[in-house]
Amino acid sequence: KDLVVPVHGSLDRVACEIQECKGEMDFDEFCDKMKTQIKDITGKDDSAPSHSTPIRCESCGNNTMKPTVVLFRSKLPEIFFQRIVHDLPHVDLLIVIGTSLTVGPANSIVNLVPPTALRVVVNNEPVGYGLGIDYSEDATRDYFARGMCDDVILNLIIQLGWSDDLKEIVDYLPEHSIEHVKERLRME
């Protein structure tokens, strides 16, 4: 996890929206609170409360807990800007996964890596043409890997011979990914 920078946040991490607070909450605890404190607007869950009550931050007492997803016009995580300066000058391979590459500043990453760095875009459709990405037959640094992100990355892991490394961490993956990975790796 320390090597991945979730540019637009993460659904599996919960934190206080007040930057000075830095309060965090265990994800499972947050999910439990969602079930008991937040109204089901679809009306499908009979056990859901009839009205919502905010989820309070235990550190500052404000009703400001939410997944760390970055919403439109919200500030990107500070780690994003720190890692750009520290990591990008040394990159020899950039893998861009599941994005339209239309919103800055995140889309600028493809042009901040050294000109010798290879760029692989994993997506259902080619993106980034306006950023100088070239998927033509003559391309020397850009490659488009079409498909569902989980499938393409899993194929890459298998082709690179990293299956044993993945087996060691498979139980730390999101639940839906565990089943998919174990099936592909024929694990029990």
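The values are calculated or read from the model by the stated rules, or taken from the named source; none is laboratory data. Small disclaimer: the values here were computed from a predicted structure and weren't measured. Neighbour counts run over all protein chains shown; Cβ positions are idealised from the backbone, glycine included. When the accessible area is computed, the model is the full protein with side chains, heavy atoms only, and any ligands, DNA or RNA have been set aside. Shrake-Rupley method; radii C 1.70, N 1.55, O 1.52, S 1.80 Å.
Within the chain, what whole-number % of the accessible surface is contributed by carbon and sulfur, with the 1.4 Å probe and all protein chains included in the calculation?
54
Nearest 5 is fine: what % of DSSP beta bridges in the chain come out antiparallel, could you say?
Counting DSSP beta bridges with both partners in the chain, the antiparallel share is about 35 percent.
Expressed as a rounded percentage, what relative contact order does the chain have, with Cα pairs under 8 Å and six or more residues apart?
Rounded, it is 14 percent for the chain.
Per residue, how much accessible area does region 11-67 show when a 1.4 Å probe rolls over the protein heavy atoms, in square angstrom?
Here the per-residue accessible area is 73 Å².
Once amide H atoms are built 1.01 Å from N in the peptide plane, which residues 5 or more positions from Ile97, or in another chain, come under 5 Å H to H?
Close amide H contacts, sequence-distant or interchain: Val122.
For each cysteine in the chain, check whether another cysteine's C-beta sits under 4.7 Å from its C-beta; list those where none does.
Cysteines lacking a close Cβ partner in the chain: Cys31, Cys149.
How do the peptides 9-22, 135-148 rank, highest first, by the average count of neighbouring beta carbon atoms within 10 Å per residue?
9-22, 135-148
About its Cα centre, how strong a charge dipole does region 81-174 have in debye, to the nearest 20, once Lys and Arg get +1 and Asp and Glu get -1 at the Cβ?
300
Can you give the Kirkwood hydrodynamic radius for region 88-188, in Å, rounded to one decimal and based on Cα pairs?
Here the Kirkwood hydrodynamic radius works out to 15.0 Å.
For the chain, what is the calculated [θ] at 222 nm in deg cm²/dmol (nearest 500), taking -39500 (n - 2.57) for each run of four or more DSSP H residues and dividing by its residue count?
For the chain, the value works out to -8000 deg cm²/dmol.
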